[in-house]
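Beneath this line is the structure, given in structure tokens, with notes to follow.
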2 protein chains.
Amino acid sequence: MQIRPTIVDIARELNLHPSTVSRALTGQGRVGQETKDLVFKKAVELGYNCNQVASSLRKGITDTVGIVVPLINRLFFSNVISGAESVLNPAGYNLVVCQTHDRKEDETRVIRNLLRNQVAGMIVSHSLETTSPELLQRVSSNGVVLVQFDRAFEDLAGACVVNDNFAGAYAATKHMIENGYKRIGHLGGEFNANVYADRLAGYRKALEEAGLEFDESIVFDHSISRDKGFYNMAKALEQKCDALYCAGDYAALGVMEYARHNNIRIPEDFGVVGTANEIFAELINPSLTSVEQNAREMGIQAAEAFLAMREEKVTTPRKIVVPMKLIVRGSAKR
Amino acid sequence: MQIRPTIVDIARELNLHPSTVSRALTGQGRVGQETKDLVFKKAVELGYNCNQVASSLRKGITDTVGIVVPLINRLFFSNVISGAESVLNPAGYNLVVCQTHDRKEDETRVIRNLLRNQVAGMIVSHSLETTSPELLQRVSSNGVVLVQFDRAFEDLAGACVVNDNFAGAYAATKHMIENGYKRIGHLGGEFNANVYADRLAGYRKALEEAGLEFDESIVFDHSISRDKGFYNMAKALEQKCDALYCAGDYAALGVMEYARHNNIRIPEDFGVVGTANEIFAELINPSLTSVEQNAREMGIQAAEAFLAMREEKVTTPRKIVVPMKLIVRGSAKR
DNA sequence: CACAAAAATACAAACGTTTGCGCAACTAGC
DNA sequence: GCTAGTTGCGCAAACGTTTGTATTTTTGTG
């Protein structure tokens, strides 16, 4: 564990002042070409590596942005993270990831922590337990640029990147209608979250446009897990449904499992469309028609929104909508 | 964007010296109980939040650890990250994630960057392009604790957390032998990586123990993608194989697809076992027998190894082996 | 060659904490 | 009531950079 050389070490060896070395290294300010060369040469000779912590303290801002998600290892979120990382890292920013496990308590803890660390920005999808934008408001009022994605309080300062959940659900439902399904139910998430509310609205719009009845008794909330899909499929059948739009692929999976167990043929007897286009969607039998989220793109957009706000120093709220795409496969085609 | 209060603001308002406030807040050193209370009260009153950057500069070390993986959104890695985060964050550490896209160039960049940021430690699975431990050596020689996982140079300082790939492949191969398959091929990765070398060795051991021939002509390297699985399945059939052990589930998927296209029945005519136990393994038909990696556990172990080394300040190399488990399903059962 | 303008470099303060040291005040032991 | 130990707190330096200003050196012009 050797001691790391600093800017003053370089300065001493070259009989220069630390400030000159700093300017040479960063390219800010006027420094003669030859001394610049000398400094660079000496820097590699000593194996100099800038101390970002000192730099950040002086500059009052770090080069890191925090990304806050419910669960890192959910494909959707890891795709977002990956997308964000791929633009932020080359731009010189570090990404620190935090998971909230969908708990408000954890969310509070990690956001506080990020603020303590003077992050330049945060990209967050808030926990399901979070129903008020209070804490997030403090983020931007602290001068930290805020980008929300997926789950978002849209009237907050800063950018927000969301899927066009309305259009996605609309397309999915319309697809089922066009394939002759007559009584289409809905397996949704928590309807007070923007994401699921929008999907419900899109579903409803498609029904109404086609002159089909919107019936609350075949709309199920908190139903995006595999178990709930299985369970609510039974309920939907009792209500004479012949199709289900699911706000999540795992619910659709549960639906299909129930169908198999009960010799209900998909898509002949019953149609199902999921959301998220999880990896397994194309691999199961029949393959699952699903609405793709394009998570990676959301991560990229969120990162670019951060960069833009950072440069322009604007915090005027803006909303970026990334389109969803219906991937038609076999589960609702007849 | 209001100005954030500092320790000196608190000190000024209470007619104390900043050092006293610092000691009160951190609990280090002797401070009277009443002043301690006063300080805390004033801290919340002003909305004080410690500036970690300044603290880190003074202490010469940060509370962040870097995690370096090839791709964030590969399930295995995102599970590791999630596991690591779940122990590191409550312990007061931040996790900054970096992906290398399996490129040496990116790896060099991100590691340099982490060093610049004075991280307390790194948890890394090196890129496939990295064949020498040179750069990683610099990490520990810089006093940064190093934990490698999965892909690892085992003779380096610090800890390393690996799967028992040998035992996993051994169990998988044995399972196929016990189910009556006679000529079992191997679809592996890059055999100069420890992971794939160990899997090959385990496979070989099982064969030899059973008195079966180890035949190089049915061992394929660089073959863990879906495409390669599909492609090499044809080759394996030419070589009269009746089973394949695949070092990755996606290769196994390719194998099964080729089988379906050519009316080869699995498991009756041909057996296949994968590795990783990806989500789709239980969902496809027939379901895929696979060797589970327990990625989350690896992340947890890696994080705990970091914490241990940090506390004890020991760098004596140690190796933590996390077991793999054969998940028996339908693809090699007869 | 004198003088102004421009270029190169030096100086010093600052960012917000932490920490070794020292000094006063208090407590306890005899 | 004197010494020794303890407690509470202030002082100042330090961590390594950055940056506004000042100073020196160089260059250019008439």
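Things worth noting here:
- Geometric descriptor of the protein assembly as shown, per residue, is 183 Å³ (volume of the convex hull of the Cα atoms).
- Only beta bridges with both residues in region B:66-208 are counted; by DSSP, about 5 percent of them are antiparallel.
- Using Cβ point charges alone (K and R +1, D and E -1), the dipole size of chain A about the Cα centre works out to roughly 900 debye.
- Relative contact order of chain B, defined on C-alpha pairs under 8 angstrom at six or more residues apart (%): 17
- Contour excess over end-to-end distance, with Cα ends at A:Arg265 and A:Ala197 and 0.36 nm allotted per residue: 21.5 nm
- Helix-only arithmetic for chain A: the sum of -39500 (n - 2.57) across DSSP H runs with n ≥ 4, divided by the residue total, places the mean residue ellipticity at 222 nm at -14000 deg cm²/dmol.
- Note on B:Arg4/B:Arg112: beta-carbon distance plugged into 1/(1 + (r/R0)^6) with R0 of 30 Å gives a FRET efficiency of 0.50.
- Estimated distance in nm for a label pair at A:Asn285 and A:Phe214, the labels positioned 7 Å out from Cα along Cα-to-Cβ: 4.0
- Positive-end ranking of A:Gly83, A:Pro286, B:Ile177 along the dipole of the protein assembly as shown, with charges on Cβ about the Cα centre, is headed by A:Gly83.
- Sequentially through region B:319-325, phi angles give Karplus couplings (6.51, -1.76, 1.60; θ = phi - 60°) of 10, 10, 9, 9, x, 10, 10 Hz, Gly and Pro residues having no value and appearing as x.
- Toward the positive end of the charge dipole of the protein assembly as shown, with +1 on the Cβ of Lys and Arg and -1 on the Cβ of Asp and Glu, the farthest Cα among B:Leu135, B:Ala201, A:Thr26 is that of A:Thr26.
- Packing here is the average count of other Cβ atoms within 10 Å per residue, and on that basis the peptides B:39-50, A:246-257, A:104-115, highest first, run A:246-257, A:104-115, B:39-50.
- Inter-copy spacing of A:Lys36 label points, which lie 7 Å from Cα along Cα→Cβ, given in nm from shortest upward: 5.6
- For residues of B:92-102, the mean tally of beta carbons on other chains within 10 Å: 5
- A:Asp150 long-range amide H proximity, modeled H, under 5 Å: A:Val161, A:Val162, A:Asn163
- The simple Förster model, with R0 at 30 Å and r as the Cβ-Cβ distance, assigns A:Glu45 and A:Ala91 a FRET efficiency of 0.55.
- Across the options B:Ile266, B:Ala234, B:Tyr93, the greatest Cα extent toward the positive end of the charge dipole of chain B (unit charges at beta carbon of Lys, Arg, Asp, Glu) belongs to B:Tyr93.
- Within region A:90-180: Cβ-based charge dipole about Cα centre, in debye rounded to nearest 20 (Lys, Arg +1; Asp, Glu -1): 340
- Binned Cα-Cα distances of chain A, short to long, each 10 Å bin given as a whole percent: 6, 23, 24, 18, 13, 7, 6, 3, 0
- For region A:226-334, the Cα gyration tensor yields ellipsoid semi-axes of 37, 13, 11 Å (square root of five times each eigenvalue, largest first, whole Å).
- The HN-Hα couplings worked out from phi for region A:10-18 by the Karplus form 6.51 cos²θ - 1.76 cosθ + 1.60 (θ = phi - 60°) are 4, 4, 4, 5, 9, 6, 10, 8, x Hz, whole numbers, x standing for Gly and Pro.
- Evaluated over the Cα positions of region B:43-141, the convex hull gives a direction-averaged projected area, one quarter of its surface, of 7.6 nm².
- Taking N as the residue count of region A:220-265, its C-alpha radius of gyration divided by 2.2 N^0.38 Å amounts to 0.98.
- Placing +1 on the Cβ of every Lys and Arg and -1 on the Cβ of every Asp and Glu, with nothing else charged, gives the protein assembly as shown a dipole about its Cα centre of roughly 1520 debye.
- Amide H within-cut-off set for A:Thr100, under 5 Å, with H built and near neighbours excluded: A:Val69, A:Leu71
- Counting from the shortest, the label point at A:Ser132, 7 Å from Cα toward Cβ, is 6.0 nm from the same position in each remaining copy.
- Among A:327-333, A:306-312, A:234-240, the peptide with the highest mean count of other Cβ atoms within 10 Å heads the list, and the full ranking is A:327-333, A:306-312, A:234-240.
- 10 Å Cβ neighbours from other chains, averaged over peptide B:44-55: 4
- A:Glu178/A:Leu135 FRET efficiency (R0 51 Å; Cβ-Cβ; nearest 0.05): 0.70
- Local electrostatic count at B:Leu114 - Lys and Arg +1, Asp and Glu -1, tallied over other residues with Cβ under 13 Å: +1
- For B:Val8, the point set 7 Å out from Cα toward Cβ sits 1.9 nm from its twins in the other copies, listed from shortest up.
None of the figures in this text is laboratory data; all of them are computed from the coordinates on show. Everything quoted here is computed from the prediction, not taken from an experiment. Ideal geometry is used to build each Cβ from the backbone, glycine not excepted, and the neighbour counts take in all protein chains shown.
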